[in-house]
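Presented below is the structure to which this report refers.
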Amino acid sequence: MEQWDNLFLEKSGEAYNIIDKNKNTIKNLDIEISKIIEELLNENVTYSILVIRRSGNTLVAQIRFTR
């Protein structure tokens, strides 16, 4: 995974995971955050997740929600 790659949300049970384009799980989100994301997506809010920095094995990603 490189800087400027897009990431995606995937629902797994009651929680969401952040995945890459190859469907590899990057981060498992906890239930509280997943509930907030679920509410936003139910209100037709769109999202984008972008890797803005990579340093070794550490990624910094930005998630944006828009109407």
- Query: Projected onto the charge dipole of the chain (+1 at Lys/Arg Cβ, -1 at Asp/Glu Cβ, origin at the Cα centre), which of Ile33, Ser12, Tyr47 gives the Cα projection farthest towards the positive end?
  - Reply: Tyr47
- Query: Could you give the dipole magnitude of the chain about its Cα centre, charging the beta-carbon of Lys and Arg +1 and that of Asp and Glu -1, in debye to the nearest 20?
  - Reply: 260 debye
- Calculate the radius of gyration of the Cα atoms of segment 23-67 to one decimal place, then report Dmax, the largest Cα-Cα distance, as a whole number, both in Å. 12.3, 37
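Report the net charge of residues surrounding Gln3, where surrounding means a beta-carbon distance below 11 angstrom and charges are Lys +1, Arg +1, Asp -1, Glu -1.
On the way: positive: Arg53, Arg54; negative: Glu2, Asp5.
Overall, the nearby charge balance is 0.
Quickly estimate the mean residue ellipticity at 222 nm for the chain, helices only: each DSSP H run with n ≥ 4 gives -39500 (n - 2.57), and the total goes over all residues, rounded to 500.
The helix-only estimate for the chain comes to -5500 deg cm²/dmol at 222 nm.
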- Between Asn24 and Glu10, how many nm apart are label points set 7 Å from Cα along the C-beta direction? 1.2 nm
- Query: Ignoring ligands, DNA and RNA, what accessible area per residue does the chain give at 1.4 Å, in Å²?
  - Reply: 75 Å²
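The values are calculated or read from the model by the stated rules, or taken from the named source; none is laboratory data. Just so it is clear, the structure is predicted and the values come from calculations on it, not from any experiment. Methodologically, a virtual Cβ is constructed for each residue, glycine included, from the backbone with ideal geometry; neighbour enumeration extends over all protein chains shown. We work out accessible area using only protein heavy atoms, side chains counted, and drop any ligands, DNA or RNA first. Shrake-Rupley method; radii C 1.70, N 1.55, O 1.52, S 1.80 Å.
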